[in-house]
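Have a look at the structure below, then the notes.
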Amino acid sequence: FLIIVQARQNSVRFPNKIIKKVCGYPLIYFLINRLSLANFKKKIVIAIPKGKENFILKKLLLKNNYNVFSGSEKNVLERYYKCAKKYNAKNIIRITSDCPLVDPKLLEKLVSIYNKKRIDYLNNANPPSFPDGLDIEIFNFKSLKMAYLNAKDRHEKEHVTPYIKKNHNLKKYNFKNIKDLSNWRFTLDYKEDLVVIKKMIENFYPRIDFTFEEIY
């Protein structure tokens, strides 16, 4: 599995949000380190846009020897495809950097289901039942390549998986939480979100392996 985390500094709503520090470390570090705790064979790559706007982010990542791939800023689908191709990925896990509290245990569960069901695409957010900010998508390279070659509009290219979701020839599955917690926010879009996420992390620190159930 290749975990591709899409990240950028120049977010419109909250610039530099993923390099804001909590407990002395940039939030992107918490995300990467939490993902690394998931117990299955994987490689983690941070896919960022090319250009000087993401210089600080790239410098921070390389400083800690994280894998970095630079690609198109607007065409994130192309960024994913070229990154997956470079690392010869068979299966891709899509994570966005505005979800710094993605749960490693939940990720393990989804990978297990994906393997057992032998499907093309799995997610836990369509329709949503988990707190916003725990979004995970898993898909095979065949599906990603199909999307890359056939996606036409801007929305499909910017959000990576819309073409896969609407393709009726692919085998798909949505994993639902037992209780609908989709009205909860664990995501990082605004400054107010950072206040909440900071309190969550500080509550458990120095532990970083806490689950979303523990937060709840």
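The values are calculated or read from the model by the stated rules, or taken from the named source; none is laboratory data. What you are looking at is a predicted structure, and each value in this text was computed from that prediction instead of being measured. Virtual Cβ from ideal backbone geometry, glycine too; neighbours counted across all protein chains shown. These accessible areas exclude ligands, DNA and RNA; they are computed on the full protein's heavy atoms, side chains included. Shrake-Rupley method; radii C 1.70, N 1.55, O 1.52, S 1.80 Å.
Restricting segment 101-112 to residues that are outside any helix (DSSP H, G or I) and aliphatic (A, V, I, L, M) leaves a set whose member that is farthest from residue 4 (Cα to Cα) is 101. Can you find a residue in segment 113-132 that is modelled with pLDDT of 95 or more, within 19 Å of residue 2 (Cβ to Cβ), out of contact with any Leu (no Cβ under 9 Å at 6 or more places or on another chain) and not in a loop (DSSP other than H, G, I, E, B)? Within segment 113-132, one or more residues are modelled with pLDDT of 95 or more, within 19 Å of residue 2 (Cβ to Cβ), out of contact with any Leu (no Cβ under 9 Å at 6 or more places or on another chain) and not in a loop (DSSP other than H, G, I, E, B). On the stretch given as segment 155-174, residues that are surrounded by 18 or more Cβ atoms within 10 Å (Cβ to Cβ), at negative phi and assigned to a loop (DSSP other than H, G, I, E, B) total 2. The single residue among 183, 177 that is surrounded by fewer than 17 Cβ atoms within 10 Å (Cβ to Cβ), part of a loop (DSSP other than H, G, I, E, B), within 19 Å of the chain's Cα centre (by Cα) and of a type outside the set (Ser, Thr, Tyr) turns out to be 177. I'd like to verify a number: residues in segment 190-216 that are assigned to a loop (DSSP other than H, G, I, E, B) and at pLDDT 95 or above, how many? Qualifying residue count for the region: 8. Every test in (1) outside any helix (DSSP H, G or I); (2) within 23 Å of residue 33 (Cα to Cα); (3) open to solvent by 70 Å² or more (accessible area, probe 1.4 Å) is passed by residue 152 save one, and that test is (2). Name the residue that is nearest to residue 69 (Cα to Cα), counting only residues in segment 4-47 that are small (Gly, Ala, Ser) and under 13 Å from the mean Cα position of the chain (by Cα). This residue is 47.
Criterion first (free of Cβ contacts under 8 Å to residues at least 24 places away in the same chain, part of a helix (DSSP H, G or I) and either open to solvent by less than 10 Å² (accessible area, probe 1.4 Å) or in contact with a strand residue (DSSP E or B) (Cβ under 8 Å, 6 or more places away or on another chain) (or both)) does residue 82 satisfy it? Taking the combined requirement at face value, the residue satisfies it.
Among the candidates 74, 41, 58, the residue that is open to solvent by 10 Å² or more (accessible area, probe 1.4 Å) and in a helix (DSSP H, G or I) is uniquely 58.
Take the residues in segment 18-28 that are at negative phi and out of contact with any Pro (no Cβ under 9 Å at 6 or more places or on another chain); name whichever of them is least open to solvent (accessible area, probe 1.4 Å). Result: 26.
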